[in-house]
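Have a look at the structure below before the remarks.
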Amino acid sequence: MIIKTEHLTYKYGIGTPFEKTALDDVSVSIKEGDYVGVIGHTGSGKSTLISHFNAILKPTSGKVFVDGQDIWQDDKTERIKARFKVGLVFQYPEHQLFEDTVYNDIAFGPKNMGLSGEEIEKRVMTSLEFVGLSKDCLEKSPFELSGGQKRRAAIAGVMAMSPKVLVLDEPAAGLDPRGRDEILSRIRDYHKETGSTVLLVSHSMEDIAENANSIIVMNRAACMMHASVPEVFEHASQLEKIGLDIPQITRVFISLHKLGYPVSQNIYTVDDAEREILSCLKGGGARD
């Protein structure tokens with residue numbers, strides 16, 4: 001497992017009137033190379049959980065393992081390693097841009113890793129290509145870029161460190177539909193080409209269904225479910241009770257099935273829907 005937590009608990013404001021349990025006995029295991037969606041209502045513990053994966057937060061109790069190592073052992077070396085192995089892209093990452101040029105912003109992480117100038121340049125160019133920015137942007141101030149370009153530049157800065165795990169907290173937040181699709185498509189290509197583990201935190205069930213292989217469902221500071229996409233979305237009523245939903249296309253096919261049409265209810269993406277409809281039109285009936 002590339003990331004593992006054992007009985008992870010985290011409390012804010014311990015000993016004050018504002019004390020709150022943000023994570024309560026969370027044990028999850030994430031396979032290397034997986035694409036994991038992380039969902040949950042606001043305040044469920046999603047962001048607090050992912051902030052433990054590269055040692056931004058220290059557990060109140062429990063353990064966090066990255067690549068097999070307990071990152072809160074006495075030796076702080078493991079925490080330093082974890083921050084290079086787990087690249088975390090916060091929501092609205094463009095607010096983190098600060099260098100005078102896009103090149104320097106993307107190169108900041110690799111420079112801190114002590115890499116050679118040649119390796120740094122190689123990583124900057126590779127990550128630039130992954131996020132779909134042109135070389136013309138490199139010498140510009142990041143503050144001259146459009147909103148979508150800033151988002152890509154910030155993500156490129158994390159990708160340039162070649163982390164084993166790329167964690168993205170609502171990377172498409174605030175973007176128009178075209179910009180959202182472009183960002184998610186680039187992340188999907190990055191996952192396929194590098195084999196890195198990707199964690200995508202999102203409120204959009206459609207985005208999760210379209211991209212993830214498995215899903216962690218957070219509810220009231222605990223891990224409610226951690227299973228494959230079909231297994232999670234099969235529990236539609238439970239998800240609705242905690243303020244979540246299933247993809248709209250899934251809801252359509254559940255309704256069609258109830259009306260007597262021979263279609264599968266386990267449809268989560270538009271591509272799945274297209275294949276299912278074509279199968280039915282050809283007389284194949286519903287798939288299992």
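The values are calculated or read from the model by the stated rules, or taken from the named source; none is laboratory data. Treat the numbers as computed from the prediction; the structure is a model and nothing was measured. Don't worry about glycine lacking a Cβ; one is built from the backbone with ideal geometry, like all the others, and counts go over all protein chains shown.
Tell me which of these Q265 doesn't satisfy, since it passes every other one: (1) assigned to a helix (DSSP H, G or I); (2) in contact (Cβ under 8 Å) with a residue 12 or more places away in the chain.
Condition (1) is where Q265 drops out.
Only one of E139, E182 is surrounded by 17 or more Cβ atoms within 10 Å (Cβ to Cβ) and without any contact (Cβ under 8 Å) to a residue 60 or more places away in the chain. Can you tell me which?
Residue meeting the stated conditions: E182.
Can you pull out the residues in the range 34-44 that are surrounded by fewer than 23 Cβ atoms within 10 Å (Cβ to Cβ) and modelled with pLDDT under 95? Can you show your working first?
Just the residues of the range 34-44 that are surrounded by fewer than 23 Cβ atoms within 10 Å (Cβ to Cβ), to begin with: 34-35, 41-43.
Correct list: H41, T42, G43.
Considering each of A227, A172 in turn, give the residue that is assigned to a strand (DSSP E or B) and either within 27 Å of G68 (Cβ to Cβ) or free of Cβ contacts under 8 Å to residues at least 60 places away in the same chain (or both).
On the way: A172 fails: assigned to a strand (DSSP E or B).
Just one listed residue meets the conditions, A227.
Tell me, which residue of the range 61-77 that is part of a strand (DSSP E or B) and either among the small types (G, A, S) or not assigned by TED's automatic domain parsing to the domain that holds E32 (or both) is surrounded by the fewest Cβ atoms within 10 Å (Cβ to Cβ)?
Selected residue: S61.
Which residues, taken from the range 192-247, are surrounded by 19 or more Cβ atoms within 10 Å (Cβ to Cβ), of a type in the set (A, V, I, L, M, F, W, C) and out of contact with any strand residue (DSSP E or B) (no Cβ under 9 Å at 6 or more places or on another chain)?
Of everything in the range 192-247, just one residue is surrounded by 19 or more Cβ atoms within 10 Å (Cβ to Cβ), of a type in the set (A, V, I, L, M, F, W, C) and out of contact with any strand residue (DSSP E or B) (no Cβ under 9 Å at 6 or more places or on another chain), namely I246.
Tally the residues that are within 19 Å of H7 (Cβ to Cβ) and at pLDDT 90 or above, restricting the search to the range 57-110.
Number satisfying all stated conditions: 16.
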